[in-house]
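> The following block contains the structure, expressed as structure tokens.
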Amino acid sequence: MSDKPDTQRTWGGRFGTKPDELMTRINASIGFDKRLWREDIAASKAHAAMLRDQGVLSEADAAAILEGLDQVASEYERDGVPERVELEDIHMTVENRLGELIGPAAGRLHTARSRNDQVATDFRLWVRNACDEAVDAIRGLQRALVERAEEHAEAAMPGFTHLQVAQPVTLGHHLMAYFEMLRRDVSRLADARARMNESPLGAAALAGTGFPIDRHATADALGFERPTANSLDSVSDRDFALDYLSAAAQCSLHLSRLAEELIIWASAPFGFVKLSDQFSTGSSIMPQKRNPDAAELVRGHSGRIIGAFTSLMVTMKGLPLAYSKDMQDDKEPVFEACDLLMLSLQALAGMVETVEFVPERIRAAAAQGFSTATDLADWLVREADVPFREAHHITGSAVKSAEERGCDLADLSLDILQQIDGRIDQRVFDVLSVDASVRSRTSYGGTAPVRVREQIAAAKEELGL
């Protein structure tokens, strides 16, 4: 460790010797927060323009700073952001390069702000954009689901509970269930975006500033609804990141469930779908294999996204006000979760668009497992005025009889059904087929094709299709 004073760092005047090399390494965040360079330059330009308008910066200094920041942006866009650990982070990296370009005037940019409000602003801008990008990607998956649902609005398939055949539904209805899950994800991201749309810029280190700044002006310039109301909260809050991660985690659960179904449906015992070459892989030893690796990775990514949410919650749980260096670890979980969520959404949209459904296999499965048993019970209630609990018992006896004979309920003769209960008549066969069962579920949100097409029409209107 050097015993010479640290004259290169912005905070080095207080210290008599340079930090240990390990301190430099652990303190640096440029390796990951360089992703914030666009946000940092945008916020710096807004801050400089405000300082000029308030008379804190001269016109000449402001012009040099703004022109220099544009040049830094051009360099980073072309060549990427250099990583010098001694500069610690993206904020000092930008300021250092600005100083190289325009000289001492660059030092005036940091007037009336701190890295604390600077990073809080940059990070909010980045997460706000991540919310918008996630919504766009979710809409892409929703469009794919709606298009495939419309193709199969009347195709019967088994509906499951406990992964056991329960009642017939349509494939279109099943796919639209995921559309609804994703609608809630869009809603959560929109709510998160609205809450985070306040600007911390101008809160400075924690107490505000004595300079005559205009926080409303910088908030407007950066597209925020308003400035944050409390300077302590402004620099110590990471709720916006947690809100995003919470929404991302719940969305990833929905993606994982859809991925799991595609995996199951593609297996030989089910055979409901054939995966496209574009979103499958092969085996290194078994040439016949077509593996649903894209879906399996989406399923796996959900665990990492949930882990990112948990990680940041644990980081924040015991921090006193205001800023602590622990909060430097806020960005990597968010960056990782964002990358994984976007990749998962795009991959799953591709799988849904290209998967080939096997309607005949799906329909055959819909008739298995006595899937129209509930229709028999409902018929007894509706047509024979039998209390539902009694109808449930009668239907159970009919299922047992069909099971003993190795046939479906619809294949039982009227004589056999009447031996079970004399109130059953010929009309019962109108409800025991798969198609009749599906058509009968006409309640709002039900699986009857007429209702499914209503759901699809509403979804298409929402998506602008």
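The values are calculated or read from the model by the stated rules, or taken from the named source; none is laboratory data. Nothing here was measured: the structure is a model prediction, and the numbers come from that model. Backbone-built Cβ (ideal geometry, glycine too); neighbour counts: all protein chains shown. Surface areas here come from the heavy atoms of the whole protein model, side chains and all, with no ligands, DNA or RNA. Shrake-Rupley method; radii C 1.70, N 1.55, O 1.52, S 1.80 Å.
> Under the rule that an exposed site lies in a DSSP loop and has at most 12 other Cβ atoms within 10 Å, name the longest stretch of the chain with no chymotrypsin sites (Phe, Trp or Tyr not before Pro) of that kind, not counting the sites themselves. Walk me through the numbers before you get to the answer.
On the way: sites that count: Trp11, Phe15, Tyr444.
Maximal segment without exposed cleavage sites: 16-443.
> Quick check: at a probe of 1.4 Å, how many percent of the accessible area of the chain sits on carbon and sulfur atoms?
Carbon and sulfur: 50 percent of the exposed surface of the chain.
> Which is the longest part of the chain that has none of the GluC sites (Glu not before Pro) sitting in a DSSP loop with at most 15 other Cβ atoms within 10 Å? Write down the numbers at each step before the final one.
Values: sites that count: Glu83, Glu225.
Free of exposed loop sites, the longest segment is 226-465.
> Further, regarding this structure: Using θ = phi - 60° and the Karplus curve 6.51 cos²θ - 1.76 cosθ + 1.60, what whole-Hz ³J(HN,Hα) does each residue of the range 163-176 get, with Gly and Pro shown as x?
Going residue by residue, I get 6, 10, 4, 10, 9, x, 9, 9, 4, x, 5, 4, 5, 5 Hz, with x marking Gly and Pro.
> Do any trypsin sites (Lys or Arg not before Pro) in the range 206-296 lie in a DSSP loop with no more than 12 other beta carbon atoms within 10 Å, and if so, which? Don't skip to the end; give the middle numbers.
Working: sites: Arg215, Arg238, Arg257, Lys274, Lys289, Arg290; in loops: Arg238, Lys289, Arg290.
Passing both the DSSP loop test and the Cβ count: Lys289.
> Under the rule of at least 5 residues apart or a separate chain, name every residue whose amide H is placed under 5 Å from the amide H of Thr170.
Close amide H contacts, sequence-distant or interchain: Met157.
> By how many degrees, 0 to 90 and rounded to 10, does the Cα axis of helix 115-151 deviate from the longest principal axis of the chain?
So the inclination is approximately 20 degrees.
> Quick one: angle between helix 59-79 and the longest Cα principal axis of the chain, in degrees between 0 and 90, rounded to 10, please.
50
> Let me ask another. Using a 1.4 angstrom probe, figure out how much accessible area the chain has per residue, in square angstrom, rounded to the nearest whole. Numbers along the way, then the final one.
Numbers: 22010 Å² over 465 residues.
That works out to 47 Å² per residue.
> Follow-up question, since we're still on this one. Provide the per-residue ³J(HN,Hα) series for the range 192-202, in order, calculated from phi with Karplus coefficients 6.51, -1.76, 1.60 and θ = phi - 60°, each as a whole number of Hz, with x at glycine and proline positions.
4, 4, 5, 5, 7, 7, 10, 9, x, 4, x
> I would also like to ask the following. Tell me, what ³J(HN,Hα) does each residue in the range 300-316 have, in order and in whole Hz, if you take phi through Karplus 6.51 cos²θ - 1.76 cosθ + 1.60 with θ = phi - 60° and put x for Gly and Pro?
Once rounded to whole Hz, the list reads x, 4, 4, x, 6, 5, 4, x, 5, 4, 4, 4, 6, 4, 5, 4, 8.
> What percent of all Cα-Cα pairs in the range 24-178 falls into each 10 Å bin, going from 0 up to the bin containing the maximum distance?
10, 28, 21, 10, 10, 13, 7, 1
> Note the angle between two axes, namely the Cα long axis of helix 331-354 and the longest principal axis of the Cα atoms of the chain, as a number of degrees from 0 to 90, rounded to the nearest 10.
It is inclined by approximately 40 degrees.
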